[in-house]
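Comments concern the structure below.
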There are 4 protein chains.
Amino acid sequence: MHSASKIGVGVIGTGFMGRAHAMAYRAVPGIFSPPLVPVLEIVADSDAAGAERAHRSFGFRRMTTDWRALIADPAVAIVCVTTPPALHREMALAAIAAGKHVHCEKPLALDAAETEAMAQAAEAARPNGIRTQVGFNYLKNPLLGLAREMIASGELGEITNFRGIFAEGYMADPAAPWSWRLDPAGAGVIADLGSHIIGLARFLLGPILSLVADLETVVKERPTAPGSAERRAVTVDDIARLTVRFARGCGGTIEASWVATGRTMQLGFEIAGTRGALSFTQERMNELLLHRADAPAHARGFLRIEAGPAHPPYGLFCPAPGHQLGFNDLKTIEAADFLAAIAGGAEKGPDFREAAEIQKVVDTAIRSSRERSWLAVG
Amino acid sequence: MHSASKIGVGVIGTGFMGRAHAMAYRAVPGIFSPPLVPVLEIVADSDAAGAERAHRSFGFRRMTTDWRALIADPAVAIVCVTTPPALHREMALAAIAAGKHVHCEKPLALDAAETEAMAQAAEAARPNGIRTQVGFNYLKNPLLGLAREMIASGELGEITNFRGIFAEGYMADPAAPWSWRLDPAGAGVIADLGSHIIGLARFLLGPILSLVADLETVVKERPTAPGSAERRAVTVDDIARLTVRFARGCGGTIEASWVATGRTMQLGFEIAGTRGALSFTQERMNELLLHRADAPAHARGFLRIEAGPAHPPYGLFCPAPGHQLGFNDLKTIEAADFLAAIAGGAEKGPDFREAAEIQKVVDTAIRSSRERSWLAVG
Amino acid sequence: MHSASKIGVGVIGTGFMGRAHAMAYRAVPGIFSPPLVPVLEIVADSDAAGAERAHRSFGFRRMTTDWRALIADPAVAIVCVTTPPALHREMALAAIAAGKHVHCEKPLALDAAETEAMAQAAEAARPNGIRTQVGFNYLKNPLLGLAREMIASGELGEITNFRGIFAEGYMADPAAPWSWRLDPAGAGVIADLGSHIIGLARFLLGPILSLVADLETVVKERPTAPGSAERRAVTVDDIARLTVRFARGCGGTIEASWVATGRTMQLGFEIAGTRGALSFTQERMNELLLHRADAPAHARGFLRIEAGPAHPPYGLFCPAPGHQLGFNDLKTIEAADFLAAIAGGAEKGPDFREAAEIQKVVDTAIRSSRERSWLAVG
Amino acid sequence: MHSASKIGVGVIGTGFMGRAHAMAYRAVPGIFSPPLVPVLEIVADSDAAGAERAHRSFGFRRMTTDWRALIADPAVAIVCVTTPPALHREMALAAIAAGKHVHCEKPLALDAAETEAMAQAAEAARPNGIRTQVGFNYLKNPLLGLAREMIASGELGEITNFRGIFAEGYMADPAAPWSWRLDPAGAGVIADLGSHIIGLARFLLGPILSLVADLETVVKERPTAPGSAERRAVTVDDIARLTVRFARGCGGTIEASWVATGRTMQLGFEIAGTRGALSFTQERMNELLLHRADAPAHARGFLRIEAGPAHPPYGLFCPAPGHQLGFNDLKTIEAADFLAAIAGGAEKGPDFREAAEIQKVVDTAIRSSRERSWLAVG
């Protein structure tokens, strides 16, 4: 009977994220008891050799160089879009139009107008049972679920401040060459890393109403290729510094940087409430720091909570606390969540709608920085 | 052509470790480019329902309730033994006798005489190409490979001390009930956790020559079942405290405890050398602390090295540093290493021989504690 | 002959800071070999009992209830002003007018116009050998001196970002009563804690050119006294969020909060440069984290530098590294620095001029927040 | 009236510890409200220039080159003995014989027989009101007082293990020259650092009944002077590794090392109990980690308690938590405690008796290591 519950997955793109999707969907059945068992049907890459490599090593049944064929394939019910961002929109819309569920990497598109259109397309398809998922994988950390619950339950009192950061150093070296990340048509770090921390802020605290932003291009021109003497001007932001107001009434700051020398994963936050506080960094993704203001004075401080079975779905990965999830496990949880949503269960998201809301904050930050002024989000 | 390079895997046992083996072998092809591509052929469990569950969710082609049939199956080339320890010996020896490679969980057996016999059986089968692997998965941490290289290269100077600990708290509560871990026929924490830290000591510094040990049963009797008023005497050790001498000339200490309240994964060490030092804890498994004695006085301290692509095979899991491996990834590396060894590549171990040497230290510790005296290992 | 090098100290105020000044000047000769040996001549407090207590326990020769008498006293060459902020200006100006050196607690005065006037008075007295010192004691941490040197020497490359925070939680409880800190005539946390982190930003990176600030009153009214049902409106800021541009060309953020639940001393920063980075928090004031971008890939991360004799004047407190200075030791260094400056040595400051520059940033932040716009500092 | 409560202090020795005593007694009145106000009467050093320097800079009224004169001086009621260890016994006994209170640095003497004789002399003088104090200053950390209370109150349940370490690296370099620490007549690190951690073990958990020890001379010969080609054999221990049993029933380990490369102050412990655990290192002397076994599963871990006014006498140094005591502050607390004991208040110790008990453990460790066997302490 369980063969009835299989669901075909097609992955477009065979880079790091394509592989991550494949590995995640392969891993789900062994860890979760998913209502739908994914089958890796087809992998698509415009480069035949890449498609062949992925076909062989990731365990897909078939391969293609034509992503439209993948979407059209009747055995494919979930389409994973893992290509460079500029291609996401066309593929995702085509998949929705074909009645497929879409699991798309972020950013959905290059600006808020495009993502809004995609969100509307997804919403129009919802009555037909179509579901969407966007790859903000950090949100799948079980400890962030705990953080969200603590905030929502009022355990921390009224929230009074959010300080969010996503800083890495992969572009810190002025000799780091030009890349697609620097495409003048798009945004810079505000989209690449900023969208993650904006998404996390929204995940924990809800909508952002207004902001003032300072986007800075630190390295004004870069080699066109590694070691090249030729330079190309950079116009997108290397650092984004936002001051924000949340709809719930509190304020905060958000920083994104890809020139944060020495940092490889400084994705974190500190949240203060009238009755407690939380502090987190993805650098130690299996730890969440909790302060309770009502602790006795002689035993007050931050409690280092270790991830464990008390934080679902950690226990499905390991029955013992403290044994640690890894980066790739977050993608597996994302895939499992999406399968559950498709099967009619809770929709944990983020879906295209949420991604569009995140993109609005990104776009507003860009405009605010140009206009040097506070702006309402939207 | 690549179909020629497939290799069948049979897993005996469907508990946490059985699942871990299945997931690991499934994950290897997507992450590594293994010379042999594992196929999950058969899973065996004496309990038919368990076997069926594993068959379905872990992705095996077939199932059986007869582990001997699994071993005899011509499609199975690698036999994974993940049953309770008391069954390891018979199964592993049968598999070797049948000309199969064996990937066995630790401990191989219940005492040094048994493990020595198993090591000899494995060695006898080596000329036939048979390889063995024992599940000391923590050794697969890329940062421990770095530590070993630094020691071997002389970068830390002459090693002068080792302080090793593996402490967890899962038996700390006196109300924690009796379990198979407490079987009077076996050893207690010295085998369960101690073998890991002894193995790590040997991995980094080589053989242990002599030791004095203090094994202590902290909780003298435990409920026969959760909440039961009936008590059963405990005779195995809850804490083991060893002082050791290594063949290389330095001394050290090794502690194992399963009554270390509050600890979930305190598997760590500090190693001092005349030119540097290393400090590590599996609690933060993606960090290795390095001190260099020749650093300038104004900038001296411990450097927190973050795991990254510079520490193979991290880069196969993720191209960016600092993104973090998890506990389950270590098993995947173990499986990949075993496949490479079977294909004639480097044998990274630990194999049955190494496991037997570890067990000798365990047994010597038990005797030393009984005799209250220093003893040579062996 | 050394009796000629004594110098009389008078302290106005006997609260926490009055005591801190007394202890610091008492401690200097035993730790430093100061060119001038301070003698605790007179302590002044308008409350006779307080003056008497301080006289007796802090070791002053005399006491008075008249601060003008203290300033006029010919035996007093250094006047320490440690009263509530509203009194600083009058006392400090009187002391300067009387030809005395002035060691004043921060803030010098309540706004930038007043502090500017004080700075000008101090500058006018400089040709007469008069020196001033302001109690930004955190700047005296030896590790911050190291940080400043590393930045100035170019060891970190070009500085690209500053993230500075001074957050504590002493006003986080909405039931915390009204106090002088909340005086509507002054500024709130931007002056109380913000001035310290602004001073630190300037100490490390130089002048701030422009900023946009968001000052927020989180707790809109507070009990007039502990437990009182009567409420009084709060108009000053509980949190200040600044985005800034430095004259040297880089940008950054500065946050000050006294409603940062759970934090007692989160005074810290992270500075990124093209060749390295620094991270610091006063919570672990004897540690400075340093990243060097040119470290080999396999041994890259943050180095935890421990304070020691390589970081003067640590070695005068303790000959061994890692033994740790405490909060009060910083005040002792401040006093020693001031004595050295008075004796004609290096003027490490911060003096009244520097305090006035800090206050300009504070005032600009207040205006920026009111006007919701970027403003030039000044 | 308060002039009646002054008490004269004489300090023998003007090295680091002599200065520390002088600074501590000078600081006490400004921080504590001591029942006896110390007056720095005389400082003694056999070297006249050293005595003169100390006289001048530490603020003593007089100086002498004759320690016997200091002891005989009627203005001196407290004699501080801070000379090299070989001189402690004669000076301390002479002071007791003269009816003076004695504040002696550790070790009291070179072996247990000598310290026992000193303890007996101190006890014989007790009826005359004579009090003694030994400089185990680390015990004065307010957080260790909290740890002791938590253990004594049963808050951690029954204690099941102690892991204690005092490791530094000041002798790690084989080129570090011979010094008085290496005197063959005495003990090595077991006395120098080991006595501190043994004292801490006793402070927290009470007497040690038996032990087995491994004392190792890592660097077998050292230059007779810095850079010298001449070598001198070292016979005392560089590392001491103890396994111990406490009278209260639990076991543990104690390690002392002065060849712990990279460590400057690794004085710490982890204590497990059936209901909780504590972890501490002097490297972060203002933090104590506490685990409570009854915490809810979703919020379990180690709480980082920050030192603050809730941990007396921290609040006398600073009214705000988290502002941090330093190494020298511990000596001030020690002096204040001794003054309180002399005035008839609580005797917090450790006194000569306690130091003699610590020395018995040291001596037993030396014998155990020679005999390679477990020994009863005493």
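The values are calculated or read from the model by the stated rules, or taken from the named source; none is laboratory data. Bear in mind that the values here come from a model prediction, so they are computed numbers and not experimental data. We place every Cβ from the backbone using ideal geometry, glycine too, and count neighbours over all the protein chains shown. We work out accessible area using only protein heavy atoms, side chains counted, and drop any ligands, DNA or RNA first. Shrake-Rupley method; radii C 1.70, N 1.55, O 1.52, S 1.80 Å.
Looking across region C:271-290 at every residue that is at the interface with another protein chain (Cβ under 8 Å from one of its Cβ atoms) and of a type in the set (A, V, I, L, M), the one that is surrounded by the most Cβ atoms within 10 Å (Cβ to Cβ) is identified as C:272. Just one of (1) touching a Gly at 6+ places or on another chain (Cβ under 7 Å); (2) farther than 29 Å from residue D:186 by Cα; (3) open to solvent by 30 Å² or more (accessible area, probe 1.4 Å) fails for residue D:72. It is (1).
Hey, any hits in region D:198-211 for a residue that's part of a loop (DSSP other than H, G, I, E, B), buried (at least 18 other Cβ atoms within 10 Å of the Cβ) and not small (Gly, Ala, Ser)? The answer is no, given that none of the residues of region D:198-211 is part of a loop (DSSP other than H, G, I, E, B), buried (at least 18 other Cβ atoms within 10 Å of the Cβ) and not small (Gly, Ala, Ser).
Residue D:10 meets each of the listed conditions (1) open to solvent by 20 Å² or more (accessible area, probe 1.4 Å); (2) in contact with a helix residue (DSSP H, G or I) (Cβ under 9 Å, 6 or more places away or on another chain); (3) closer than 20 Å to residue C:26 by Cα apart from (1).
If only residues of region A:255-270 that are out of contact with any Ser or Thr (no Cβ under 8 Å at 6 or more places or on another chain) and more than 8 Å from every other protein chain (Cβ to nearest Cβ) are counted, the one that is farthest from residue A:170 (Cα to Cα) is A:256. Total residues in region A:163-189 satisfying the condition of being under 14 Å from residue A:256 (Cβ atoms), more than 14 Å from chain C (Cβ to nearest Cβ), aliphatic (A, V, I, L, M) and not in a loop (DSSP other than H, G, I, E, B): the figure is 0. Within region B:291-311, the residues that satisfy the criterion of being surrounded by fewer than 24 Cβ atoms within 10 Å (Cβ to Cβ) and facing chain D (nearest Cβ under 9 Å) are B:292, B:293, B:300, B:302.
Criterion first (modelled with pLDDT of 95 or more, among the acidic types (Asp, Glu) and assigned by TED's automatic domain parsing to the domain that holds residue A:368) does residue A:183 satisfy it? Taking the combined requirement at face value, the residue does not satisfy it. Residues of region C:322-378 that are within 22 Å of residue C:121 (Cα to Cα) and either in contact with a Pro (Cβ under 6 Å, 6 or more places away or on another chain) or within 14 Å of chain D (Cβ to nearest Cβ) (or both): C:335, C:339, C:343. Pairing each residue of region C:46-72 that is of a type in the set (Lys, Arg) with any residue that is open to solvent by less than 50 Å² (accessible area, probe 1.4 Å), provided the two are 6+ apart or on different chains, yields C-beta distances under 6 Å for C:61/C:41; C:62/C:42. Identify the residue in region B:213-244 that is of a type in the set (A, V, I, L, M, F, W, C) and within 23 Å of the chain's Cα centre (by Cα) and, among all such residues, is nearest to residue B:260 (Cα to Cα). Among residues in region B:213-244 that are of a type in the set (A, V, I, L, M, F, W, C) and within 23 Å of the chain's Cα centre (by Cα), the one nearest to residue B:260 (Cα to Cα) is B:239.
Among the criteria (1) without any contact (Cβ under 8 Å) to a residue 24 or more places away in the chain; (2) open to solvent by 20 Å² or more (accessible area, probe 1.4 Å); (3) not aromatic (Phe, Trp, Tyr), the one residue C:29 does not fulfil is (2). Scanning region B:111-146 for residues that are surrounded by fewer than 20 Cβ atoms within 10 Å (Cβ to Cβ) and in contact with a Pro (Cβ under 8 Å, 6 or more places away or on another chain) turns up just one, B:145. Checked against the criterion of being more than 30 Å from residue A:326 (Cβ to Cβ), in contact with a helix residue (DSSP H, G or I) (Cβ under 7 Å, 6 or more places away or on another chain) and modelled with pLDDT under 95, the candidates B:121, B:94, B:109 yield just one match: B:109.
Check region B:249-258 and report whether any residue there is within 15 Å of residue A:322 (Cβ to Cβ) and either in the same structural domain as residue B:219 (by TED's automatic domain parsing) or assigned to a loop (DSSP other than H, G, I, E, B) (or both). Checked against the condition, which is being within 15 Å of residue A:322 (Cβ to Cβ) and either in the same structural domain as residue B:219 (by TED's automatic domain parsing) or assigned to a loop (DSSP other than H, G, I, E, B) (or both), region B:249-258 yields at least one hit. Residues that are assigned to a strand (DSSP E or B) and over 20 Å from residue B:369 (Cβ atoms) were ranked within region D:233-248; the one that is nearest to the other protein chains (Cβ to nearest Cβ) is D:239. Whether any residue in region C:215-232 is within 13 Å of another protein chain (Cβ to nearest Cβ), among the hydrophobic types (A, V, I, L, M, F, W, C) and open to solvent by 20 Å² or more (accessible area, probe 1.4 Å) is what I want to check. Within region C:215-232, one or more residues are within 13 Å of another protein chain (Cβ to nearest Cβ), among the hydrophobic types (A, V, I, L, M, F, W, C) and open to solvent by 20 Å² or more (accessible area, probe 1.4 Å). Scanning region D:192-208 for residues that are aliphatic (A, V, I, L, M) and farther than 19 Å from residue D:151 by Cα yields one hit, D:193. All of (1) under 20 Å from the mean Cα position of the chain (by Cα); (2) modelled with pLDDT of 95 or more; (3) within 29 Å of residue A:22 (Cα to Cα) hold for residue B:23 with one exception: (2).
For residue D:284, the stated conditions do not hold, so it cannot be described as closer than 30 Å to residue D:184 by Cβ, within 20 Å of the chain's Cα centre (by Cα) and basic (Lys, Arg). Taking the stated definitions as given, is residue C:37 buried (at least 24 other Cβ atoms within 10 Å of the Cβ), on the phi < 0 side of the Ramachandran plot and not assigned by TED's automatic domain parsing to the domain that holds residue C:186? No: the conditions fail for residue C:37. Against the definition (β-branched (Val, Ile, Thr), touching a residue at least 60 places away in the same chain (Cβ under 8 Å) and either under 23 Å from residue A:17 (Cα atoms) or more than 14 Å from chain C (Cβ to nearest Cβ) (or both)), how does residue A:160 come out, yes or no? So residue A:160 does not fit the description; no. Is one or more of the residues making up region A:338-349 open to solvent by 10 Å² or more (accessible area, probe 1.4 Å), in contact with a His (Cβ under 8 Å, 6 or more places away or on another chain) and either in contact (Cβ under 8 Å) with a residue 60 or more places away in the chain or farther than 29 Å from residue B:319 by Cβ (or both)? Yes. A search for C-beta distances below 6 Å between a residue of region A:76-105 that is not assigned by TED's automatic domain parsing to the domain that holds residue A:181 and any residue that is open to solvent by less than 30 Å² (accessible area, probe 1.4 Å) and of a type in the set (Phe, Trp, Tyr), counting only pairs 6+ apart in sequence or on different chains, returns A:103/A:338.
Residues of region C:234-249 include at least one that is surrounded by fewer than 24 Cβ atoms within 10 Å (Cβ to Cβ), aliphatic (A, V, I, L, M) and under 28 Å from residue A:170 (Cα atoms).
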